[in-house]
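Here the structure comes first, spelled out in structure tokens, and everything after it is commentary.
The values are calculated or read from the model by the stated rules, or taken from the named source; none is laboratory data. All figures in this text were calculated on a predicted structure; none of them were measured in a lab. Here Cβ is always computed from backbone atoms with ideal geometry, including for glycine, and neighbour counts include all displayed protein chains.
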Amino acid sequence: MSLNEFQPKDATPLIQIVVMSRNSPEKGTRVFHNIRKQKLDITRSAFTGGESVVNYLDAFDVDLSMRQLANKSH
């Protein structure tokens with residue numbers, strides 16, 4: 001996100017991070033509390049309550065999607 005430092009203040013950021021999760025909106029509140037605490041420049045999100053996030057990709061104009069898969073091995 002440091003690439004955004006090179007943009008003029010009124011310009012659209014080069015990089016925007018959107019948090020998308022199948023978690024509940026209630027968990028999203030905790031996530032954004034931690035985002036604010038860490039002073040991260042993240043303002044957009046979708047917490048779908050178990051639904052797939054795929055349907056939100058176009059709405060957020062996502063060009064790159066990065067996922068973290070839970071380790072299901074015990």
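Filtering segment 29-55 to residues that are touching a residue at least 12 places away in the same chain (Cβ under 8 Å) and over 28 Å from Lys9 (Cα atoms) leaves Phe47, Thr48, Gly49, Gly50, Glu51, Ser52, Val53.
Within segment 42-53, no residue satisfies the criterion of being more than 21 Å from Asn4 (Cβ to Cβ), exposed (fewer than 15 other Cβ atoms within 10 Å of the Cβ) and in contact with a strand residue (DSSP E or B) (Cβ under 9 Å, 6 or more places away or on another chain). Among the residues of segment 6-25, is there at least one that is modelled with pLDDT of 90 or more, in a helix (DSSP H, G or I) and surrounded by 10 or more Cβ atoms within 10 Å (Cβ to Cβ)? Looking for residues that are modelled with pLDDT of 90 or more, in a helix (DSSP H, G or I) and surrounded by 10 or more Cβ atoms within 10 Å (Cβ to Cβ), one finds at least one in segment 6-25, hence yes. Surrounded by fewer than 10 Cβ atoms within 10 Å (Cβ to Cβ), in a loop (DSSP other than H, G, I, E, B) and modelled with pLDDT of 90 or more - does that describe any residue in segment 31-41? Yes; the residues of segment 31-41 include at least one that is surrounded by fewer than 10 Cβ atoms within 10 Å (Cβ to Cβ), in a loop (DSSP other than H, G, I, E, B) and modelled with pLDDT of 90 or more.
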